[in-house]
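Single-structure report; data block below.
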Amino acid sequence: MKNNAKFVFENIGGSFQYRIRRAEDLHKILELDSTAWAALCVPVSSLNGDPAFFKAMDEDHNGMIRVDEVKAAISWLMDVLEDIKVLNDKSDTLPISALNMSNAEAAQLAEFVQAHAEELQNDNLWLDLTKIRAKFAAVTAGPLCGNGVLSGQAAATVGASALYNDITALYKTPDALTSAQLEKFVTDAANFIEWSKTAERPLFRNNDPTPYYNCFKALESKLDEYFRFCELLCIDPAHAARFALDPAKLPELDLLDSAKIDEILRNAPLAKPSAGLVLVLKDITNPHYEAAIKQFMELFALETLSRDEYIALKAEFADYINYLARAHGDLAGQLGREKLEQHLADTQIAALRKLFTEDQSIGGVVTSLQKLERLLLYCRYILEFVNNFVSFEAFFNPGKISMLQAGRLIMDGKSYNLAVWIDDIATHKKIAVRSNLCLIYLDVISSGPKPIQRKAAVAVTGGSLSRIYVGKPAFFVDNDNITYNGKIIDMVEGPISFWQTLIAPFRRISSAISEKLQKLTDFSSTEKELTKAIDQGKLPSAPAAAAPPAVPLGQKLFGNGSVMLLAGGLSVAALGAGLSFILKSITQAITSISALPFYVILIWIGVLIAVFLVPTAIFAFLKLRKRNLTLFLEAGGWAVNLPMRLNMHVSGIFTHGTVYPPQTVFKVIKVSSSNRKRIWLFVLLTLIVLLAAAAAFWFLKCSSSAVCTK
């Protein structure tokens with residue numbers, strides 16, 4: 001018992017993590033400090049497994065599973081189960097006897113199972129996840145789903161579509177009605193009808209207020225604006241400068257853009273503000289409001305409008321405004337008194353209430369089925385999940401399929417297993433580029449009648465990138481053996497293996513030299529220009545020669561042909577002497593080297609190679625050590641708590657070559673006679689080159705010995 005209380009941390013992926021080996025250790029997770037967890041929260045969309053299990057773990061349905069939610073799931077299991085050891089079976093079946101009858105929730109579930117035993121239990125009288133899901137599908141297949149929300153289909157079954165459509169339109173919840181919404185509508189409708197029986201619509205100067213108020217409402221905001229501007233002038237006439245446009249500061253305007261011109265006119269004042277707080281209606285300068293002002297003048301019989309008159313006019317409409325607020329502000333009132341009275345007198349309200357009662361009874365069955373499904377999902381997957389969350393034991397175990405990994409990319413004779421699902425390539429790449437990993441981004445689509453398009457990020461930890469490029473077709477297999485086809489969308493360069501990192505500088509130098517040589521020998525552009533000129537019937541003419549400048553007397557001597565010939569001869573002689581010196585120096589160096597013992601030559605060759613390779617090897621080793629798996633996962637939305645480096649051993653876990661079946665026999669196909677001749681010719685040429693090199697070395701050796709003897 002004392003040993004069972006120990007917390008044993010194992011070195012997993014370069015950090016010490018707490019690995020759960022059996023269900024009896026789950027209670028220790030509740031005591032484990034969050035700083036010791038491998039992950040703190042993970043996005044549900046990136047996990048691989050039964051989606052219903054991850055949905056059950058995500059209690060608040062925010063798309064993330066956190067530490068507290070994992071602890072809550074374990075605590076609930078320990079409450080409803082008699083013995084937590086049943087989790088060791090990792091089965092989607094469970095005996096009824098495993099429920100803790102002293103727990104009220106477990107006892108209620110046991111009672112529900114007994115009432116529906118035939119539909120929920122298998123032949124061994126054990127709870128079966130498949131049967132629970134079948135029962136749930138049957139219960140929710142009808143118009144009532146037991147979730148407290150009525151659909152339009154359910155309302156149609158009792159002939160209440162008219163009332164249903166009116167209420168859902170008012171509350172802007174199409175195809176969804178709750179009991180609370182129905183009762184609120186009934187109460188509001190009754191209150192509105194009662195108010196409308198005694199309420200009288202106010203008149204405006206003994207006339208119908210509608211045309212007057214509509215005309216006033218159309219100009220109210222602009223009239224408010226005008227008199228506010230006038231008040232500024234009352235404070236200080238200097239404010240008048242604010243309403244004068246500066247032509248130099250006018251923004252650009254497309255005079256053919258009618259919509260933009262209308263917008264400018266609509267936002268402009270009615271007229272220039274006046275310190276007298278009076279608006280002369282006939283002097284309105286804004287043509288956009290000309291028609292509305294004309295109607296205003298006719299209805300209210302006004303030529304001018306002062307600020308006091310405007311305030312008084314507003315007050316005259318106060319009662320009518322309050323009436324409109326009560327009549328149209330109430331949602332139920334928007335249907336009108338007559339329709340509301342019809343709805344309240346009809347039987348549709350009673351029919352909808354009856355549906356809610358039936359839905360509530362179904363809701364009890366649905367809730368119990370959901371709890372049973374949650375229980376069996378936890379029994380099946382909780383141990384596997386904690387070893388992908390509390391620790392990453394499954395992630396670094398080549399013999400297990402981790403919930404973290406999306407699947408494997410098969411390409412160029414290798415299987416790349418370090419792959420995760422992502423939502424957005426650009427977002428992931430922005431963070432993952434700091435991981436110092438070589439990454440491939442895929443856009444794939446699944447096979448089958450209902451294809452699913454997804455994006456994945458794959459880390460390359462072995463092999464070579466020589467045949468991998470953006471746009472290359474990709475074949476991907478997820479953990480459920482569903483195949484995907486797609487292509488590489490993007491790549492991030494990074495170190496792959498020690499050998500690849502070691503030769504990378506030399507490969508870049510070789511590529512740079514090849515590009516330079518290709519540019520020097522590429523005459524395609526010149527050929528195209530010449531061909532184009534010929535096709536057009538003319539060749540590119542040389543530019544007209546400029547008039548020769550006057551030659552000073554001192555330079556005429558050098559323009560003489562004989563003198564130039566003499567100078568050219570001297571130049572050739574100088575070049576020949578220089579070339580002779582270089583060849584002589586090389587010959588002496590080779591002679592000196594050939595005089596050395598063979599082992600000394602090998603030592604010097606080794607020293608020269610070491611001068612280049614040792615720093616490169618150290619750099620390659622340090623670069624490989626910087627590869628960071630933590631950043632790779634965090635780029636996908638994970639909150640990883642522990643640092644994880646990608647060492648040589650771990651690299652082999654995530655990338656491997658072809659696994660051949662046992663007792664595989666490899667046969668070499670016989671080479672044809674023509675191919676055999678080519679091979680022998682190549683061998684012969686190689687031998688000739690080697691013999692020539694040996695003869696040259698022997699000659700230099702003999703020459704050196706003769707010189708020393710003399």
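The numbers here are math on the coordinates, done by the rules we state, and not lab data. This one's a predicted model, so the numbers in the text were calculated from it and none came from an experiment. So basically every Cβ, Gly included, is an ideal-geometry build from the backbone, and we count neighbours across all protein chains shown.
Numerical summary
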quantity: Net lengthening on full extension, LYS626/LYS217 (0.36 nm per residue, minus Cα-Cα); calculated: 140.3 nm
quantity: Inter-label distance, nm, simple model (7 Å from Cα along the C-beta direction), ILE96/THR367; calculated: 2.2
quantity: Interchain or long-range residues, amide H under 5 Å from ASP490's placed H; calculated: TYR441
quantity: Computed label-point distance, nm, for sites ASP208 and VAL689 using a 7 Å Cα→Cβ extension; calculated: 10.5
quantity: From phi via Karplus (6.51, -1.76, 1.60), per-residue ³J(HN,Hα) for the stretch 393-399 in Hz, x at Gly/Pro; calculated: 4, 5, 5, 9, 9, x, x
quantity: Segment SER466-GLU298, length gained on full extension (0.36 nm per residue, minus Cα span); calculated: 52.0 nm
quantity: Calculated FRET efficiency for the pair THR178/LYS6, C-beta based, R₀ 45 Å, to 0.05; calculated: 0.30
quantity: Highest to lowest packing among 176-185, 281-290, scored as the average C-beta count within 10 Å; calculated: 176-185, 281-290
quantity: Cα gyration tensor, the stretch 212-268 - rounded (a/c under 1.5), prolate or oblate; calculated: oblate
quantity: Residue order, fewest to most beta carbons within 10 Å, for TRP195, TRP638, TRP680, TRP126; calculated: TRP680, TRP195, TRP126, TRP638
quantity: Translational D in µm²/s for the stretch 51-181 (Stokes-Einstein at 25 °C, 0.890 mPa s, Kirkwood Rh from C-alpha pairs); calculated: 137
quantity: Distance in nm between pseudo-label sites at ASN397 and ILE679 (7 Å out along the Cβ direction from Cα); calculated: 4.8
quantity: Gap separating the Cα centres of the stretch 161-183 and the stretch 207-229, nearest whole Å; calculated: 36
quantity: Cβ-derived FRET efficiency at R0 56 Å, THR658 paired with LYS339, nearest 0.05; calculated: 0.15
quantity: All aspartates and glutamates inside 16 Å of LYS272 as judged from Cα atoms, apart from same-chain residues fewer than 8 positions distant; calculated: ASP224, GLU225, GLU231, ASP236, ASP246, ASP283, GLU290
quantity: Fully extended contour minus Cα-Cα distance, from ASN485 to ASP236, at 0.36 nm per residue; calculated: 82.2 nm
quantity: Taking PHE192, PHE16, PHE317 and counting other C-beta atoms within 10 Å, the order from fewest to most; calculated: PHE16, PHE317, PHE192
quantity: Distant-in-sequence amide H partners of ILE422 (H built 1.01 Å from N, under 5 Å); calculated: LYS455, ALA456, ALA457
quantity: Rounded FRET efficiency, nearest 0.05, which uses the C-beta distance separating TYR171 from THR285 and R0 of 51 Å; calculated: 0.65
quantity: Long-range HN-HN contacts of VAL460 with modeled amide H, under 5 Å; calculated: CYS438, LEU439, ILE440
quantity: All aspartates and glutamates inside 18 Å of LYS472 as judged from Cα atoms, apart from same-chain residues fewer than 8 positions distant; calculated: ASP412, ASP443, ASP490, GLU493
quantity: In the stretch 351-427, trypsin sites (Lys or Arg not before Pro) in a DSSP loop with at most 14 other beta-carbon atoms within 10 Å; calculated: LYS400
quantity: Reachable aspartates and glutamates, given that their alpha-carbon falls under 13 Å from the alpha-carbon of LYS55 and they are not under 8 places away in the same chain; calculated: GLU69, GLU373
quantity: Scattering profile of the stretch 400-442 at q = 0.14, 0.18, 0.26 Å⁻¹ [log10 I(q)/I(0), Debye over alpha-carbon scatterers]; calculated: -0.37, -0.61, -1.07
quantity: Near-label residues of the stretch 379-420 by backbone N, under 18 Å of a point 7 Å along Cα→Cβ of SER446; calculated: 402-410, 419-420
